[in-house]
Amino acid sequence: MFTLEAYLVSFIGTLIPHAVLAVYLFVIMGTRGWRVLKKLPAFLISPLLAVLLAAGLYTLLPNHGVIRVCMTTLAILLMSTLWVQWAWRTEFWRAFSAACMGGVFQMATSCLSQILILYSDLPLAAVMAVGLVMVPAPVFLLYRLRFGHWFRLLLEEGFSQRWTALFFFAMEVAMEAFLILQVGVRPEYLVPYYVLVLAMAALEAGLVIYLARRLDDTRKMEAQQDIIAQQQLYERDLEAIRQEVRSFRHDYKNLLAGLSEQADKGELDQLRTALSELDTGFDRRIGEKIRASTQIGNVCVPQVRSLLLSKLAAMGEQKIDCRMEALYPVERVGMDPWDFTRCLGILLDNAAEAALETDTPWVEIVLLSQKGRLSLRVSNPYIRTIDPDKIWTENFSTKGEGRGLGLSGYQRILTGYPNAATSTAWAGGVFVQELTVEEKA
């Protein structure tokens, strides 16, 4: 039967690995200031419940140590997942993947502690304390390798949230199996065994970085191909303008002849009407294309310009009246250009889908770059009812089941940019999304 002292020792022994796990979770998920740190005390619930669960399982299953370890580990993994989900306001499967990856690193640190136990006469508590002190070294290494960035990118760009989570769970299970199997390893082989487990953890971390970089390279390659294709489209638009100018020049001579005859006859009213039609025809045939080309030319970031060209062409095919303004050159976006492009794409896709549900679809895009600040404004008509409490919720959509991943993904991208601010407004049948990015000092 467990005594109070045994409970206390078990709690401390469980608390230290949880502290190590929490450190790795911050590295993996990224910090957001004091908001997450304030939620750290709630993580103490996990070691407390783990001790009570272990005591209960020992009473019920005294001769099944492996089963007790597995059930306790699954319980800790679930509690860690729920805490990550709550602290970082993310979906379950992303939190589950982070908890599994953090568990892999925590067990690797435990292997270092086990090696210290074998090669020192320190008491167990002292060795665990030393193991805790050793944590900053691998944390610094992971930080230098930008592991958290690559990990989050893999979750963002992976095949699916559930399959990616299953992949990380398999890595966690493999590490747990290695540590359980240490019971059958002869003492003289324990150190090589722990080194092997450490190497396995390092290989798993390297695999994550490798897969994320491959995905990132693929994404950049596709974007470069898209840039080439959109530049060709841009050149075709310029050629269309030149053709319109040639055609208008031919018509212009005939119009001048007619205007001259009207002027000779003193038909001033008819002359004014003809001049007005001439001006309107020029704006309709050439002026609008020239203005659109000028606005696009002010966007100097290749990724953003490519996306705008693609979206403008798609909206034109859908008969959406797209108005764009970029009065000043946009040379920087204040964040990773690929992340900004993804955010812009989400806003434009949502705006186009909502506009198509109206009788006169239109989308207005405004890019204003001034004094180290970039402001993006996307407006569109909107006829549905909006619930402000649900609009940012994962999987929520007014368009039907299986949608609603856009705005939540948009918010998730921006969590890594404290210099970015968003606002949403809707009134008079117009929905407006704004994104302001301050240039980093």
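Quick check on this structure: which one of Ala205, Ala212, Ala199 is modelled with pLDDT of 85 or more, surrounded by fewer than 16 Cβ atoms within 10 Å (Cβ to Cβ) and closer than 23 Å to Leu25 by Cα?
Ala199
At pLDDT below 85, over 29 Å from Gln161 (Cα atoms) and over 22 Å from the mean Cα position of the chain (by Cα): is that true of Ala292 in this structure?
Taking the combined requirement at face value, the residue satisfies it.
Report whether or not Leu44 is among the hydrophobic types (A, V, I, L, M, F, W, C), in contact (Cβ under 8 Å) with a residue 24 or more places away in the chain and under 30 Å from Gly416 (Cα atoms).
In short, yes.
Considering Trp88, Trp83, which residue is touching a strand residue (DSSP E or B) at 6+ places or on another chain (Cβ under 8 Å), within 30 Å of Tyr417 (Cβ to Cβ) and open to solvent by less than 30 Å² (accessible area, probe 1.4 Å)? Steps first, please.
Values: Trp83 fails: touching a strand residue (DSSP E or B) at 6+ places or on another chain (Cβ under 8 Å).
One residue alone meets the criteria, Trp88.
Can you tell me how many residues in the range 161-180 are over 16 Å from Ala108 (Cβ atoms) and open to solvent by 40 Å² or more (accessible area, probe 1.4 Å)? Let's see the steps before the verdict.
As a first pass, look at the range 161-180 and keep what is over 16 Å from Ala108 (Cβ atoms): 161-167, 169-170.
Filter again for open to solvent by 40 Å² or more (accessible area, probe 1.4 Å), leaving 161-163, 166-167, 169-170.
Counting residues in the range 161-180 that are over 16 Å from Ala108 (Cβ atoms) and open to solvent by 40 Å² or more (accessible area, probe 1.4 Å) gives 7.
May I ask you to verify whether Ala99 is surrounded by 15 or more Cβ atoms within 10 Å (Cβ to Cβ) and at pLDDT 90 or above?
For Ala99, the condition - surrounded by 15 or more Cβ atoms within 10 Å (Cβ to Cβ) and at pLDDT 90 or above - is met.
Can you find a residue that is more than 23 Å from Glu222 (Cβ to Cβ), of a type in the set (Lys, Arg) and either open to solvent by less than 30 Å² (accessible area, probe 1.4 Å) or touching a Ser or Thr at 6+ places or on another chain (Cβ under 9 Å) (or both) anywhere in the range 366-377?
Yes.
Would you check which residues across the range 350-367 are under 18 Å from Val299 (Cβ atoms) and either in a helix (DSSP H, G or I) or of a type in the set (Ser, Thr, Tyr) (or both) and list them?
Hit for the range 350-367 is Ala351, nothing else.
Val437 - would you say it is more than 27 Å from Gln318 (Cβ to Cβ), hydrophobic (A, V, I, L, M, F, W, C) and at pLDDT 90 or above?
Yes; evaluated as a whole, the condition is true for this residue.
The values are calculated or read from the model by the stated rules, or taken from the named source; none is laboratory data. Here the structure is a predicted model, which is why all the values come from computation and not from measurement. We place every Cβ from the backbone using ideal geometry, glycine too, and count neighbours over all the protein chains shown. These accessible areas exclude ligands, DNA and RNA; they are computed on the full protein's heavy atoms, side chains included. Shrake-Rupley method; radii C 1.70, N 1.55, O 1.52, S 1.80 Å.
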